[in-house]
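Since the structure comes first, as structure tokens, the remarks are kept for the end.
The values are calculated or read from the model by the stated rules, or taken from the named source; none is laboratory data. None of these values were measured; they are calculated from a predicted model. Counting neighbours? That spans all protein chains shown, and the Cβs are built from the backbone with ideal geometry, glycine included.
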Amino acid sequence: MFFKRKIGLDLGTANTLVYVAGEGIVLHEPTVVAYSLEDQRIVAIGEEAKEMLGRTPGTIVASRPMKEGVIADYRTTSAMITYFFKKALKGRVFWPQVVISIPGGASQVEKRAVVSACKQAGASDVYLIEEPLAAAIGAKIPISQASGHMIVNIGGGTTEVAIISLGQLVVNKTIRVAGTKFDEAILNHMRKKHNLIIGEPTAENIKIKIGNALLGDYSAASAEATAVEEKTMEIKGRDFQSGLPKILIVGEKSINEALQKPLKQILEGIKSVLSQTPPELAADIVDKGIVLTGGSALLTNIERYITYYTGVASFVVEDPLFAVIRGVGMTIESLDSFKEAIR
Ligand code: ADP
Ligand code: MG
């Protein structure tokens, strides 16, 4: 018998995740494509291509076809989606129905590009769901109630801030600062303050290992808590002056300093959304707190940083990297009842 499979897609700037109805999340790979400059032939996609970032010979380029949550390179993105669909459906791509998350502020042109890239990959019908809604559903927030919820999805390229009530976005803002900007800030800081040239993968690794948004122990209000030893890390790079390889020990404090500027930009965006929120909904948010999703919500103490500077309790959902795809997946499993709600 022939029946249409249902697939969910979270096409992020940093990571792409695929959900297959009845199976769950079947694929989680970096949104990276490597191709040869000579004949534009794709040589690797996903995990394998990410390994090549910054390590390619002159004839091969590894690049991220999504920028700031939207398609930047159409040809490469649609080739990548085709590859991921095949991989997720084990080669049997028979006109699946696709639900895909898109940024809250996506334009008509950006939406059309996403729909046609999915159709080119074999999709029969394509349904779009706004990312903050998907993240909220994935975080098991009862979004259809007449009550305000605030979602801050901090990904690779963008941070999406949204106030949701009655299943819709009431206020919504996209900030073009997220994980990648943290990496760039660390990379620049290493060069300026430590005379060390590093690549982006190293900068990301530093962020994950010793990145910390708010120093000091705010969990325990005891005197000895402040005496927590500073985390340090050995970093390999190239000396800015001599050009020779160099190893350096760098601590949390220095990296925290590097992160201040992008963190402040995210904070300003959150504050601006809070200031545009209708008072009744703002009161709900004070009660329920700010919900953080996306991979960059894993940055140590980012919830404490936001709580500290907004005065509103903030918390990170379980497995924040999977919040959006979980929400997309839940939408797919009940696609018929959702057909009304999503476009
Ligand atoms: P997108 O939806 O834009 O693809 P994701 O939600 O997948 O983004 O998040 C990717 C970002 O999360 C990357 O910038 C990555 O460096 C960051 N990230 C992943 N794990 C951690 C961690 N443990 N600490 C800090 N940042 C992290
Ligand atoms: Mg995302």
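The table below gives the values:
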item	result
Residues of the range 117-150 classified as within 16 Å of ligand 2 (Cβ to nearest atom) and among the charged types (D, E, K, R), total	2
Candidate set: the range 286-302, residues that are more than 17 Å from Asn15 (Cβ to Cβ) and either among the charged types (D, E, K, R) or within 15 Å of the chain's Cα centre (by Cα) (or both); chosen: the one farthest from ligand 1 (Cβ to nearest atom)	Asp287
Scan of the range 38-57 for residues that are away from ligand 2 (no atom under 16 Å from the Cβ) and either hydroxyl-bearing (Ser, Thr, Tyr) or part of a loop (DSSP other than H, G, I, E, B) (or both), ordered by number	Glu38, Asp39, Gln40, Arg41, Leu53, Gly54, Arg55, Thr56, Pro57
Count of the range 282-300 residues which are within 13 Å of ligand 2 (Cβ to nearest atom), outside any helix (DSSP H, G or I) and of a type outside the set (A, V, I, L, M)	2
Extreme residue, surrounded by the fewest Cβ atoms within 10 Å (Cβ to Cβ), among residues of the range 7-37 that are charged (D, E, K, R) and within 16 Å of ligand 2 (Cβ to nearest atom)	Glu29
Matching residues, the range 153-173, being assigned to a strand (DSSP E or B) and within 12 Å of ligand 2 (Cβ to nearest atom)	Asn153, Ile154, Thr159, Glu160
Search result, residues across the range 60-93 that are assigned to a helix (DSSP H, G or I) and within 16 Å of ligand 2 (Cβ to nearest atom)	Thr77, Met80, Ile81, Phe84
Any hit, the range 94-101, residues being closer than 30 Å to Tyr305 by Cα and not in a loop (DSSP other than H, G, I, E, B)	yes
Residue check for Val177: at pLDDT 95 or above and either over 19 Å from Val312 (Cβ atoms) or part of a loop (DSSP other than H, G, I, E, B) (or both)	yes
Answer from Ile164, Ile137, Ile154, Ile143 - the residue that is surrounded by fewer than 23 Cβ atoms within 10 Å (Cβ to Cβ) and of a type outside the set (Gly, Ala, Ser)	Ile143
Residue within the range 63-76 that is surrounded by fewer than 17 Cβ atoms within 10 Å (Cβ to Cβ) and more than 21 Å from Lys181 (Cα to Cα) present	yes
The one condition in (1) in contact (Cβ under 8 Å) with a residue 40 or more places away in the chain; (2) surrounded by fewer than 18 Cβ atoms within 10 Å (Cβ to Cβ); (3) among the polar types (S, T, N, Q) that Gln40 fails to fulfil	(1)
The range 20-32 - residue that is touching an Asp or Glu at 6+ places or on another chain (Cβ under 8 Å) and outside any loop (DSSP other than H, G, I, E, B) and, of those, farthest from ligand 1 (Cβ to nearest atom)	Glu29
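Here is a yes/no grid of residues against (1) in contact (Cβ under 8 Å) with a residue 60 or more places away in the chain; (2) within 16 Å of ligand 1 (Cβ to nearest atom):
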position	(1), (2)
Glu110	no, yes
Val115	no, no
Ala135	yes, yes
Gly138	yes, yes
Pro142	no, no
Ser147	yes, no
Val171	yes, no
Ile175	yes, yes
Arg191	no, no
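Okay, residues lined up against (1) within 25 Å of Leu263 (Cβ to Cβ); (2) touching a Cys at 6+ places or on another chain (Cβ under 9 Å); (3) of a type in the set (A, V, I, L, M, F, W, C):
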residue: Lys140; (1), (2), (3): no, no, no
residue: Thr158; (1), (2), (3): yes, no, no
residue: Ala162; (1), (2), (3): yes, no, yes
residue: Gly167; (1), (2), (3): no, no, no
residue: Thr174; (1), (2), (3): yes, no, no
residue: Val177; (1), (2), (3): yes, no, yes
